[in-house]
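Laboratory data are not the source of any read-out in this text; all were calculated from the coordinates shown. Remember, it's a predicted structure, so these values are computed and weren't measured experimentally. Positions of Cβ are generated from backbone atoms using ideal geometry, with glycine treated the same way; all protein chains shown enter the neighbour counts.
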Amino acid sequence: MPDKTLSLLHRVAMGQHPSSTLFLTVTALIIPVAVFTRSETFITMAALGLFILGLFIVWSGLHHSLEGVRSRRWPASVATLSHIGKRGGVGKSRRMFELDITYQYAALGRDYTCDRYDLAAGAYYTEQQIDRLIAKIQAEPLHKVSWDPDNPARSVAVPGLHANPVIRIVIGLGMVGAVATWWLGLWTFQ
């Protein structure tokens, strides 16, 4: 597969291309139609959409898992913590919080600023969890960050693999497996 096609598929799977939003919208509209009309055409289209969505979720999980594993080997620099706090009111309950962090570091003779704590891709915490995390970070006498040698502007304070990408892989494989068993006739909607 040509690099250009692979790059486009990667951007769509990661939600970084306008067609990924279009795909999600069309799939979200087809699924209820398929359920309520029982049209074989719409059911097949919905299954295909769920199958492709499952593949995209697996791709995204694999990408972030590999990035997490690779980040363990990234060079490290001492960082200066310039801001730490919490962003509140995330999610339906408005009781979940995100870490709001900014730090500066030097890599390859240049200074950089980054706001990425880990590679968990949108980790949310309860108020007690975020307060404990902030206190732990503030209590550390020395802050280190690992930076990507291919792009030193990308860094992370806590390198390594986290649960979020692995959960995405499991969910995506579940979606692909459910649709595949339906297509093979091992499972029906009836």
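Here is how the numbers come out for the structure above:
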{"quantity": "Top-ranked residue of region 22-49 - restricted to ones that are within 19 Å of Met175 (Cβ to Cβ) and among the polar types (S, T, N, Q), ranked as farthest from the chain's Cα centre (by Cα)", "calculated": "Thr44"}
{"quantity": "Of residues in region 21-76 being among the charged types (D, E, K, R) and loosely packed, with under 12 Cβ neighbours inside 10 Å, the one nearest to Tyr117 (Cα to Cα)", "calculated": "Arg72"}
{"quantity": "Candidate set from region 50-93 (those that are in a loop (DSSP other than H, G, I, E, B) and in contact with a Pro (Cβ under 9 Å, 6 or more places away or on another chain)); member that is nearest to Val170 (Cα to Cα)", "calculated": "Arg72"}
